[in-house]
Amino acid sequence: RFGPLIPKDDEDRRNLMEHIDASGNYYWQQKQHANLVSSTRASVQQRLVQRIPGWQAMNNDQQAILLAERLSIKEQQVLKLLHGDISHSPHQFTEVIKQLEQIRTTV
């Protein structure tokens with residue numbers, strides 16, 4: 001090679017959180033709330049499979065009982081978070097996502 005290295009211009013890239021935020025905003029604007037909840041639930045389920053032996057072999061009620069005991073919340077709340085229908089109000093959506101993330105990081 002001949003001559004000095006030419007400095008590379010700073011690449012203008014988004015960081016990961018900006019990308020996630022932009023994707024979330026897009027899905028929200030397109031009324032794709034179910035996709036956001038579904039992907040969060042899948043992430044939670046993946047974590048639970050890793051952390052709780054036999055998780056996949058349990059039915060929904062057994063899973064709810066186990067998590068309710070571990071997290072000190074009601075079984076019905078666990079069932080709604082993991083499997084229930086979520087209304088499209090922004091407040092309820094935010095609360096569900098927040099609680100699912102708490103489960104994922106706590107268990």
- Using the per-residue mean of other Cβ atoms lying within 10 Å as a proxy for protection, in what order, highest first, do the peptides 18-29, 93-104 fall? 93-104, 18-29
- Query: What accessible area per residue, rounded to a whole number of Å², is obtained for the chain using a probe radius of 1.4 Å?
  - Reply: 77
- Note on the structure: For the range 8-87, the percent of accessible surface on carbon and sulfur atoms (probe 1.4 angstrom, ligands and nucleic acids excluded) is 45
- Binning at 5 Å from 0, report for the chain what percent of all alpha-carbon pair distances ends up in each bin. 2, 10, 18, 20, 14, 9, 8, 4, 3, 3, 3, 2, 2, 1, 0
- Message: Using each residue's phi in the range 54-62, evaluate 6.51 cos²θ - 1.76 cosθ + 1.60 at θ = phi - 60° and report the 3J(HN,Hα) Karplus result to the nearest Hz, with x for Gly and Pro.
- Response: x, 4, 5, 7, 7, 7, 4, 5, 5
- Whole-Hz Karplus couplings 3J(HN,Hα) for the range 30-35, θ = phi - 60° and coefficients 6.51, -1.76, 1.60, Gly and Pro as x, run 8, 6, 9, 4, 4, 5
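The values are calculated or read from the model by the stated rules, or taken from the named source; none is laboratory data. Small disclaimer: the values here were computed from a predicted structure and weren't measured. Note that each Cβ is placed from the backbone with ideal geometry, even for glycine, and that neighbours are counted across all protein chains shown. With ligands, DNA and RNA removed, areas are computed over all heavy atoms of the protein, side chains included. Shrake-Rupley method; radii C 1.70, N 1.55, O 1.52, S 1.80 Å.
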